[in-house]
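Input: a single structure, listed below in structure tokens.
The values are calculated or read from the model by the stated rules, or taken from the named source; none is laboratory data. Since we're looking at a predicted model, the values are computed, not measured. Every residue, glycine as well, gets a Cβ built from its backbone with ideal geometry; the counts of neighbours run over all protein chains shown.
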Amino acid sequence: MGAKAIVEKEPRFLADSMLGKLARWLALLGYDAVFAGSAGQPDTALLERARREDRIFLTRDTRIPPVSGLRMLVLRSEDLEGQLLFVMRELGLKPDRKRLFTRCACCNLALETLPRRQALALVPPLVRELPTDFRRCPGCGRVYWSGTHTRRAAARLDRLGL
């Protein structure tokens with residue numbers, strides 16, 4: 001009898017109000033990472049949402065007790081790079097370059113390909129000259145393209161070894 005391959009589920013995240021930048025960077029890496037925002041939701045509501053949606057709860061709040069059936073990471077670092085490295089190391093994640101910039105940094109939805117002809121009417125004049133593909137968020141409508149910001153983000157990830 002052959003051994004069964006163990007397939008781990010792709011992690012999904014819910015970041016509390018202290019970790020908005022981290023949630024955005026996880027989304028840029030291609031992970032499903034929801035930011036709870038600053039709506040002032042009580043911790044119990046966030047924890048319940050994370051459990052209901054099968055998400056790993058990310059927080060800097062050391063006062064939140066462990067919850068049965070919920071994976072929670074308490075991040076000690078105050079800087080984004082330390083937080084990102086901690087999450088990657090703790091969960092054994094190895095980002096895939098093909099997934100970079102495939103999710104909306106604002107609302108976390110998977111981006112859709114936007115035909116160049118349609119995109120040109122939606123982007124600034126200088127961007128129209130770039131030899132790039134375009135993507136659009138089906139939720140908020142933001143248009144994304146490869147430019148200096150993507151090269152800077154990729155360089156930052158390279159510096160971190162990601």
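(1) assigned to a helix (DSSP H, G or I); (2) more than 26 Å from L162 (Cα to Cα); (3) not hydrophobic (A, V, I, L, M, F, W, C): which one isn't true of P65, the others all being true?
(1)
What pairs can you find where one residue is in the stretch 108-127 and basic (K, R), the other is in a loop (DSSP other than H, G, I, E, B) and surrounded by 10 or more Cβ atoms within 10 Å (Cβ to Cβ), and their Cβ atoms are less than 8 Å apart, with a gap of 6+ or different chains?
Short answer, once both residue conditions are applied: R116/D133.
If you take the residues in the stretch 50-75 that are under 18 Å from the mean Cα position of the chain (by Cα) and of a type in the set (D, E), which one is nearest to K9 (Cα to Cα)?
D54
Which of (1) surrounded by fewer than 17 Cβ atoms within 10 Å (Cβ to Cβ); (2) closer than 18 Å to A23 by Cα; (3) modelled with pLDDT of 90 or more; (4) among the hydrophobic types (A, V, I, L, M, F, W, C) does C106 not meet, given it meets every other one?
Only one criterion in (1) surrounded by fewer than 17 Cβ atoms within 10 Å (Cβ to Cβ); (2) closer than 18 Å to A23 by Cα; (3) modelled with pLDDT of 90 or more; (4) among the hydrophobic types (A, V, I, L, M, F, W, C) is unmet by C106, namely (3).
For the stretch 139-162, name all the residues that are exposed (fewer than 11 other Cβ atoms within 10 Å of the Cβ) and among the polar types (S, T, N, Q).
T148, the sole residue that qualifies.
In the stretch 88-97, which residues are more than 19 Å from K21 (Cβ to Cβ) and either touching a Pro at 6+ places or on another chain (Cβ under 7 Å) or part of a helix (DSSP H, G or I) (or both)?
R97
Could you list all residues from the stretch 22-42 that are within 14 Å of L157 (Cβ to Cβ) and either part of a loop (DSSP other than H, G, I, E, B) or in the same structural domain as R135 (by TED's automatic domain parsing) (or both)?
L29, G30, Y31, listed by residue number.
Suppose we filter the stretch 44-72 for residues that are under 13 Å from M18 (Cβ atoms), surrounded by fewer than 17 Cβ atoms within 10 Å (Cβ to Cβ) and of a type outside the set (S, T, Y); how many remain?
Going through the stretch 44-72 one residue at a time, the tally reaches 3.
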